[in-house]
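The values are calculated or read from the model by the stated rules, or taken from the named source; none is laboratory data. It should be emphasised that the depicted structure is a prediction, and the values quoted were computed from it without experimental measurement. We place every Cβ from the backbone using ideal geometry, glycine too, and count neighbours over all the protein chains shown.
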Amino acid sequence: MNGYAKGSLALFVARVFSGLNVNVLGYLLPLWIAPLSCVSLRLSFGAAVFWVVSIFAKPENVPLRDKIKLIALGSLGIFGYMSLYALSISYTTPVNFAIFNAMQPLWVVIVSSVVYRESVDYRKLLGLAVGFAGALLCILSEPSSGTASDPLLGNMLAIAASVIYAIYLVLSARMVGHLSSITILRYTFTSGAVLSLLLLSVVGLHAPLFDKPELVPMLLLAFVLIFPTVVTYFLIPIGLKYLKSTVVALYGYVTLIVAAAVSFITGVDRFEPVVLLSLLLIGLSIYLVSGKE
C-alpha cells in the first residue's frame, strides 16, 4: 500500500469514528456527563494510553523548542477543540455541528495563507465566500427546538471549534515529518489533560452516569474513550504524514455524512431543506477551495 492510500484509509476510518462520536456525545452531553468533565476524562485517558504505548516505542529525542510547540498545540488544538466541540454539541444538533466541522478546508486555506504566506487565488476566494454563505444560512435559519436548546450559540461554538482544529492541522502537519505520531500525541494530550484537570478542580466533576451507572451510557462512554479519542487521534498523524493538510481537512465531509445518516436514521434530527442547501453550498465551496490541490 503506497503512502497516499495508507493516509487516505487512516483518515477515512478516523472520520467514520468521528461521525459516530458526534451522535454519541449528543446523547451523553450534558445529561449524563458535563462537557468539561467529558473532555478531562478523554484527555486523561488518551494521555495515559499514549504514555503506555510510548514505553514500547523507539526512544526519541525531542528538542526543547519542539516540546514547547507540542505543549501549545495540546493546550490550544486538542483541549481547545474538544472543549468547544463538547459545548457546541450541548446546544445544537449533531448535524449542524458536523456541517460546520466540514468547513475545516476553508479555515485551513485561511490559516495557511496567514501563517505560511501561501497564495490564495480567485477560485479559492470564491470558494470561501460560498462556504461562508452556506454557514450563515445554517446559523440564521434554525429556531430553538427540543433537539437544540440554543442553536445560534451552539453553531457559533461549532465554527470556533472548526477554526481551532484547522489551526491544529496546519501547525501539526509541519511536525509530523520529524517526530513520530506517538511522541506528538503523548505531549499534546498530556498538556491538554493537565489544563483540563486544573479547570476541573475549580468547577468540579459533574458526571451523573457514575452516580447511578447504567449500561448504555457507560458503553457509549467507553466507545468515546477508545475509538474517537485514542484510535482516531492515532490515525490522524498518519494522514498528515502522507497527505496535504487541506486534503486531511476534506475528510471532515465523511464525519458529516456519517453524523447526518445516524441522526436521521435514529430520529435524533429531522431532514430540513435548509440543511441540504447549506450542505450543498459548503460542499461547492470545498470543491472550489481544494480543486487545485
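Take region 210-245 and flag every residue that is buried (at least 20 other Cβ atoms within 10 Å of the Cβ) and not in a helix (DSSP H, G or I).
L243
Yes or no, residue by residue, for (1) under 18 Å from the mean Cα position of the chain (by Cα); (2) under 18 Å from N21 (Cα atoms):
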residue	(1), (2)
L169	yes, no
T183	no, no
A193	yes, no
S196	yes, no
H206	no, no
L221	yes, yes
F227	yes, yes
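Quickly run through region 35-85 and pick out the residues that are aromatic (F, W, Y) and within 19 Å of the chain's Cα centre (by Cα).
F45, F50, F79, Y81, Y85
Which of (1) at pLDDT below 85; (2) closer than 28 Å to G192 by Cβ; (3) aliphatic (A, V, I, L, M) is the odd one out, the single condition M82 does not satisfy?
(1)
Give the residue that is farthest from S40 (Cα to Cα), with candidates limited to residues of region 172-209 that are free of Cβ contacts under 8 Å to residues at least 12 places away in the same chain and part of a helix (DSSP H, G or I).
The residue in question is R174.
Being in contact with a Phe, Trp or Tyr (Cβ under 8 Å, 6 or more places away or on another chain) and at pLDDT below 80 is the requirement here; does S88 meet it? It would help to see each step written out before you state the result.
Working: in contact with a Phe, Trp or Tyr (Cβ under 8 Å, 6 or more places away or on another chain): yes; at pLDDT below 80: no.
Spelling it out, it is not the case that S88 is in contact with a Phe, Trp or Tyr (Cβ under 8 Å, 6 or more places away or on another chain) and at pLDDT below 80.
Check region 21-34 and report whether any residue there is under 14 Å from the mean Cα position of the chain (by Cα) and under 18 Å from A249 (Cα atoms).
yes
Report the residue count in region 63-90 for those that are in contact with a helix residue (DSSP H, G or I) (Cβ under 6 Å, 6 or more places away or on another chain) and either more than 15 Å from T190 (Cβ to Cβ) or of a type outside the set (F, W, Y) (or both).
The qualifying residues number 18.
Does any residue in region 56-82 that is among the hydroxyl-bearing types (S, T, Y) come within less than 8 Å, Cβ to Cβ, of a residue that is assigned to a helix (DSSP H, G or I) six or more places away or on a different chain, and which pairs are these?
Listed by first residue and then by second, the contacts come to S75/S191; S75/G192; S75/L195; Y81/A161; Y81/I164; Y81/Y165; Y81/Y168.
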